[in-house]
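The values are calculated or read from the model by the stated rules, or taken from the named source; none is laboratory data. Everything quoted here is computed from the prediction, not taken from an experiment. Cβ atoms come from the backbone with ideal geometry, glycine included; neighbour counts cover every protein chain shown. Quick note on the areas: whole protein, heavy atoms, side chains included, nothing else; ligands and nucleic acids left out. Shrake-Rupley method; radii C 1.70, N 1.55, O 1.52, S 1.80 Å.
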There are 4 protein chains.
Amino acid sequence: MGITAAVAGASGYAGGELLRILAGHPEFEIGTLTAGSNAGAELGTLQPHLRPLAARVLAETTPETLAGHDVVFLALPHGQSGPLAERLGDDVLVVDCGADFRLRDAGDWAEFYGTPHAGTWPYGLPELPGQREALRGTRRIAVPGCYPTAVTLAMFPAFGAGLVEPDVVVVAASGTSGAGRSLKPHLLGSEVMGSMSPYGVGGVHRHTPEMTQNLSAVAGEPVTVSFTPTLAPMSRGILATCTAKVRPGVDHAAVRRAYGDAYDGETFVSLLPEGQWPATAMTLGANTAFVQVALDERAGRLVAVAAIDNLTKGTAGGAVQSANIALGLPEELGLTTIGVSP
Amino acid sequence: MGITAAVAGASGYAGGELLRILAGHPEFEIGTLTAGSNAGAELGTLQPHLRPLAARVLAETTPETLAGHDVVFLALPHGQSGPLAERLGDDVLVVDCGADFRLRDAGDWAEFYGTPHAGTWPYGLPELPGQREALRGTRRIAVPGCYPTAVTLAMFPAFGAGLVEPDVVVVAASGTSGAGRSLKPHLLGSEVMGSMSPYGVGGVHRHTPEMTQNLSAVAGEPVTVSFTPTLAPMSRGILATCTAKVRPGVDHAAVRRAYGDAYDGETFVSLLPEGQWPATAMTLGANTAFVQVALDERAGRLVAVAAIDNLTKGTAGGAVQSANIALGLPEELGLTTIGVSP
Amino acid sequence: MGITAAVAGASGYAGGELLRILAGHPEFEIGTLTAGSNAGAELGTLQPHLRPLAARVLAETTPETLAGHDVVFLALPHGQSGPLAERLGDDVLVVDCGADFRLRDAGDWAEFYGTPHAGTWPYGLPELPGQREALRGTRRIAVPGCYPTAVTLAMFPAFGAGLVEPDVVVVAASGTSGAGRSLKPHLLGSEVMGSMSPYGVGGVHRHTPEMTQNLSAVAGEPVTVSFTPTLAPMSRGILATCTAKVRPGVDHAAVRRAYGDAYDGETFVSLLPEGQWPATAMTLGANTAFVQVALDERAGRLVAVAAIDNLTKGTAGGAVQSANIALGLPEELGLTTIGVSP
Amino acid sequence: MGITAAVAGASGYAGGELLRILAGHPEFEIGTLTAGSNAGAELGTLQPHLRPLAARVLAETTPETLAGHDVVFLALPHGQSGPLAERLGDDVLVVDCGADFRLRDAGDWAEFYGTPHAGTWPYGLPELPGQREALRGTRRIAVPGCYPTAVTLAMFPAFGAGLVEPDVVVVAASGTSGAGRSLKPHLLGSEVMGSMSPYGVGGVHRHTPEMTQNLSAVAGEPVTVSFTPTLAPMSRGILATCTAKVRPGVDHAAVRRAYGDAYDGETFVSLLPEGQWPATAMTLGANTAFVQVALDERAGRLVAVAAIDNLTKGTAGGAVQSANIALGLPEELGLTTIGVSP
């Protein structure tokens, strides 16, 4: 008897990726699948790559349809998880891939999301110091945003070791699946192929306070993040380039030591050998973050880069990794570290 | 104790895909990896996505380095497998992803490849009538070419049921990984992105006699194939569009019955529901072929389309599927049917 | 004083391409721009690449807003041009980029479009025998469809010289801009990047009767066309691969002669040197069709390939080329033969 | 009689783009074309999109073959222009698209390029204060690097108006054509499609001192630049995201005024309306830079973004623009501001 798992939002890209991973997970048994406007449809018409689940019919997303499972994965627009989660039992593991329970500061939430703050759940980034322990046995998990996953993994070792000033500049490129499956003109293939463009410029992207929260916690002081996301002509992947001024006396050896210590023993974060840089293609479909770091002595800056698959380590893979921990399963169960490449 | 497997040609795209699959296969243990000009290098510098194998050093491709394994996968340029295979023991399962042992007709071989014919091995396309049986217990497997895999799966049911004239037109689009990792100007990203182009036009592509051989065997008469491959701006995937004149009296129901019968019960070939057409993205990294067929009554033609991942079902996945059969393992072991999408 | 030109449908891709070309045309002066649901918007918000026209406000598409110009270009959904054109003066040159006036056979129109047949206008493919003359002085032009442009240019020389049987198989790949700017799930960047897929399979694509009409006229007998369009991961470009059985006695020299004769002296169709094959990237933004042909002696087939930019030679460039002829201007005015490459 | 122009390096991407522009320029007549290892080849085999020049045979790149022209455009690997230019007459306009004559500081040159410093020529970025005047009548032009073009246009107005601290962080994405046509594994289509990756991280990219030089000159004090280039899955285009801390008291109005003043009246730089952001696709084949800027009040930073076509405004278009000025022609002659989009 497996652990039964429901997926709410099964017709979207995050929901599809959850199902791809769950279908290959040796302990989970896929239960109810739900959707919003696509309720009633067969999954095969919407997610044709999920062939073994093609005949499944999507239910409506309600507490009732989601009831009776050991785990409920929520892949819903922000604002929907809060009310829904209240009606799911305390003994059910609820894993929210949305933003509702990520932020600790209600003011940040109000400023960036504009709706009432639902609360704060244990944050599903096990590689953060102390976080793996916080996830053991929990029945509520807030899965990190895709950009914050990449940025936090790129920069927290520098803050943990006190290497840099608390003022970070991040420019990140994301594949279009990060914008979801909604029909918007700028997401048409004709518009995105052959084109790079920024969006949410000037500190207004909703993932900004989440990065600030993570890095400030590690730094032990407020960290400022200037974040500019860009849309890249690819379906998946995030490449986050992050830089901050190094503190006096910080040298190459200190930098490598800090990152080496942070990721030594981590299955899902790979610090590359010196001189080798991440490419998002290395991560396709894998729950892996590749990280690399350099010291620019002329500019007096540390430059750290992380590459992830936004839907895997950046969403669904990260969700399953944290769920494994919460349930006492081996952390890497059902997750691969090898991307589909080239 | 796992089954030990060596991979010759581990620095190429087919070799990398073999390793990706073998690393997740519950019964295989990855042994020696070899390369040509890349011998001596660490795998991580060439195949960075294969993180768990990054420290492996590539040996030279010789009978000696490949000796002592239960299975040897060959992913080499054509002409190299023949001499090598002779020096590998008869009890070793040798799986050749190259062309050397695919063709039965030495004249075809001479005409299209120009070198002495190495021989003919059991053909690794289990879905072909009688072929699964031929693979059981064998110690030599010729993995089909990527295009012939797609074209044969698209068209053999039509020939098996006597629906069409023995004159097929095929136009297929392939991702660039099908051309391998060699440095050729027309394979540069700057050249291929945003561009479709044909190559090997006029019946000269080396996969043509292999298609003819497969379809003629099923038809029981000589089949002519007009084959035009095209290069598409994507890394992976083959979309093969195939058409032939229907014989008198063939109707829609007969067509659906033929294809339904051919693929009923097959794990790795999916006949889509009527009206839904394959896209190569459905197959990314999966050992799945999606097939669909229609009858064009005005033109009097059957049109069949197959989509595969050229490196998975079209090469490495197909190789492992056939190796599973040869070794008496469950055919689907270590292979997924779910692509990484979007 | 220039020739004044209005563009109806200026917010779409075809309309945008018309404006790009007209803005660089030495004789045209751009007048009223109209749109459907985008009426009232500034062009710069919809077509930001048309910087010099950014401040233009889109009018509604009505006979009144379009009145008072020497030329009216229509880039509208099919069915809209007919009623509109009736209300534009007979002395105005009306160039319809839509389908309304392309087909001569009302039965074909009814079968493929389902609405009343608006009529037939001179067909804007000057390279077709006799067609350049038919366009001189006309005040009504039906611009060919993008696929029929490519397919007709690839195959009419073979029919003109009696080289092939009247049974053609066409498989063509198109960039996504050919599907226009409408918001459909399968046109999202996340869906199309990295993917090839067919659509309109089985003889149902609306461009089929137009190909049949063109080739039958040249052949002097009914020609059957099996047409399968595919969607390619690129914004622009059509690659049409066409094949037909050669008649007895047709040899290589006859084939080259036929194509050489057909395109000798044509500015906008380039028969490539033997052995060099078209790529759509050669044509980006240019009013050029590249054509190449080969004889497959084993299969007894002629294979002809044409590459065009679907929005330029396939729509807006072809429209301007024909308008130039109608107005007595040099045919090549304002049109380039050099693509933007790589 | 036109102005005769030779192009050295005609088989590369920059050379091809020069020829595309020159072929449409009303005053230039294309003379000798030269190449390195491709000398002796017909241009049509290497640059098939340049159809009207297809029969031109490439000469060797020597002072003799380049002699006798009014203008010589050099599109050569760095280090080759210096010796060559010495042997071209002082009355010949020599326009170097390479790096040899860009840097004023010989120490910078030695550190980043490692060869003897050839000297410094007037810098071909007319939009920089005072630079247009410096180009009038000159017979030597150093065309800016593609990245420095984008970065300088994005940031110099901020320095000109004293808005920001002299410490800039730049992350820029480039299409693969920026890396030229050389055969390198990481430039294969299979590697770049679907992938973003950084390179030259840590302040080592050769364009860094050029950015520093330009911005320092405008700022009137030394400016530090942290520059991280990334490779994007597209053929053309640069998107440069630049940020610096704003000085106390700088507000939104001051920022817009500075950028408005800098680009008011410029043909080839377009400051977009507030809230609209550049995309590289807007610039394809056009000599246009699109610029936008925002103030991130939380982070205390100005964020400026520029998009260009690296081969047009970033190389060949910029070269022709400056050559026009040097020769006393209208600056915009032969150059379009409208990109090929979508």
Among B:GLN47, B:GLN80, which is surrounded by 15 or more Cβ atoms within 10 Å (Cβ to Cβ), farther than 30 Å from A:ALA289 by Cβ and assigned by TED's automatic domain parsing to the domain that holds B:PHE112?
B:GLN80
Please go through (1) free of Cβ contacts under 8 Å to residues at least 24 places away in the same chain; (2) of a type in the set (A, V, I, L, M, F, W, C); (3) more than 10 Å from chain B (Cβ to nearest Cβ) for C:LEU188 and return the number of the only condition it doesn't satisfy.
(3)
Of the residues that sit in the stretch D:155-178 and are under 19 Å from D:TYR259 (Cα atoms) and β-branched (Val, Ile, Thr), which one is surrounded by the fewest Cβ atoms within 10 Å (Cβ to Cβ)?
D:VAL164
Touching a residue at least 24 places away in the same chain (Cβ under 8 Å), surrounded by fewer than 24 Cβ atoms within 10 Å (Cβ to Cβ) and not hydroxyl-bearing (Ser, Thr, Tyr), is that true of C:ARG102?
no
C:GLY9, sole failed condition from (1) small (Gly, Ala, Ser); (2) at positive phi; (3) open to solvent by 20 Å² or more (accessible area, probe 1.4 Å):
(3)
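Out of the stretch A:50-60, which residues are more than 19 Å from B:MET282 (Cα to Cα) and surrounded by fewer than 23 Cβ atoms within 10 Å (Cβ to Cβ)?
A:VAL57, A:ALA59, A:GLU60
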Reported set for the stretch B:208-236 where residues are in contact with a Pro (Cβ under 7 Å, 6 or more places away or on another chain), outside any strand (DSSP E or B), polar (S, T, N, Q) and closer than 22 Å to B:LEU311 by Cβ is B:ASN214, B:SER235
Just the residues that are surrounded by fewer than 17 Cβ atoms within 10 Å (Cβ to Cβ) and under 12 Å from A:VAL72 (Cα atoms), please, taken from the stretch A:12-44.
A:GLU29
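Name the single residue, out of those in the stretch C:323-340 being among the polar types (S, T, N, Q) and part of a loop (DSSP other than H, G, I, E, B), that is nearest to C:ALA307 (Cα to Cα).
It comes out as C:THR337.
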Residues in the stretch D:285-303: is at least one at pLDDT 95 or above, over 13 Å from C:VAL340 (Cβ atoms), touching a Cys at 6+ places or on another chain (Cβ under 6 Å) and in the same structural domain as D:GLY180 (by TED's automatic domain parsing)?
no
List pairs: first in the stretch D:2-29 and part of a strand (DSSP E or B), second open to solvent by 30 Å² or more (accessible area, probe 1.4 Å) and among the aliphatic types (A, V, I, L, M), Cβ under 8 Å, 6+ apart or cross-chain?
D:ILE3/D:LEU327; D:PHE28/D:ILE3; D:GLU29/D:MET1; D:GLU29/D:ILE3
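Do we have B:SER270 as within 28 Å of B:GLY180 (Cβ to Cβ), within 14 Å of chain C (Cβ to nearest Cβ) and either of a type in the set (A, V, I, L, M, F, W, C) or open to solvent by 10 Å² or more (accessible area, probe 1.4 Å) (or both) here?
No.
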Which residues, taken from the stretch B:294-322, are more than 15 Å from B:GLU17 (Cα to Cα) and not in a strand (DSSP E or B)?
B:GLU297, B:ARG298, B:ALA299, B:GLY300, B:SER322
Check the stretch A:107-118 and report whether any residue there is β-branched (Val, Ile, Thr) and either within 21 Å of the chain's Cα centre (by Cα) or open to solvent by less than 30 Å² (accessible area, probe 1.4 Å) (or both).
no
Before we move on, is D:LEU231 away from chain A (no Cβ under 11 Å), within 27 Å of A:ALA240 (Cα to Cα) and open to solvent by 10 Å² or more (accessible area, probe 1.4 Å)?
no
Would you mind telling me which numbered condition in (1) under 30 Å from A:GLY249 (Cβ atoms); (2) under 20 Å from the mean Cα position of the chain (by Cα) A:ASP167 fails?
(2)
For residues that are within 11 Å of chain B (Cβ to nearest Cβ) and open to solvent by 10 Å² or more (accessible area, probe 1.4 Å), scanning just the stretch C:294-327, find the one that is nearest to C:VAL72 (Cα to Cα).
C:ALA294
Quick one: C:ASN214 ticks every box in (1) in contact with a strand residue (DSSP E or B) (Cβ under 9 Å, 6 or more places away or on another chain); (2) crowded, with 24+ Cβ neighbours inside 10 Å; (3) within 19 Å of B:THR241 (Cβ to Cβ) except a single one, so which number is it?
(3)
Every listed condition ((1) modelled with pLDDT of 95 or more; (2) surrounded by 17 or more Cβ atoms within 10 Å (Cβ to Cβ)) holds for C:ASP91 save (2)
All but one of (1) within 13 Å of chain D (Cβ to nearest Cβ); (2) in a loop (DSSP other than H, G, I, E, B); (3) of a type in the set (Gly, Ala, Ser) hold for A:GLY265; state the number of the condition that does not hold.
(1)
Among (1) more than 7 Å from every other protein chain (Cβ to nearest Cβ); (2) over 23 Å from D:PRO129 (Cβ atoms), there is one condition D:SER195 misses while meeting the rest; what is its number?
(1)
Checking A:ASP167 against (1) within 15 Å of A:THR224 (Cα to Cα); (2) part of a helix (DSSP H, G or I), only one condition comes out false. Which one?
(2)
So for the stretch C:133-148 (the condition being over 18 Å from the mean Cα position of the chain (by Cα), among the hydroxyl-bearing types (Ser, Thr, Tyr) and within 14 Å of chain B (Cβ to nearest Cβ)), does at least one residue qualify?
no
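Scanning the stretch D:284-293 for residues that are under 22 Å from D:ASP261 (Cα atoms) and in contact (Cβ under 8 Å) with a residue 40 or more places away in the chain, which turns out nearest to the other protein chains (Cβ to nearest Cβ)? Full working, then the answer.
Initial filter on the stretch D:284-293 (under 22 Å from D:ASP261 (Cα atoms)): D:287-293.
Those left that are additionally in contact (Cβ under 8 Å) with a residue 40 or more places away in the chain: D:287-289, D:291, D:293.
On the way: D:ASN287: 11, D:THR288: 7, D:ALA289: 11, D:VAL291: 12, D:VAL293: 9 Å.
It comes out as D:THR288.
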Can you find a residue that is touching a residue at least 60 places away in the same chain (Cβ under 8 Å), more than 7 Å from chain B (Cβ to nearest Cβ), under 22 Å from C:THR337 (Cβ atoms) and part of a loop (DSSP other than H, G, I, E, B) anywhere in the stretch C:237-244?
no
Of (1) assigned to a helix (DSSP H, G or I); (2) touching a strand residue (DSSP E or B) at 6+ places or on another chain (Cβ under 6 Å), C:PHE156 fails just (2)
So in the stretch D:119-151, with the set limited to residues that are of a type in the set (Ser, Thr, Tyr) and within 17 Å of D:HIS78 (Cβ to Cβ), which one is most open to solvent (accessible area, probe 1.4 Å)?
D:THR120
Scan the stretch D:103-131 for residues that are over 21 Å from D:GLY220 (Cα atoms) and in contact with a Phe, Trp or Tyr (Cβ under 7 Å, 6 or more places away or on another chain) and jot them down.
D:HIS117, D:ALA118, D:GLY119
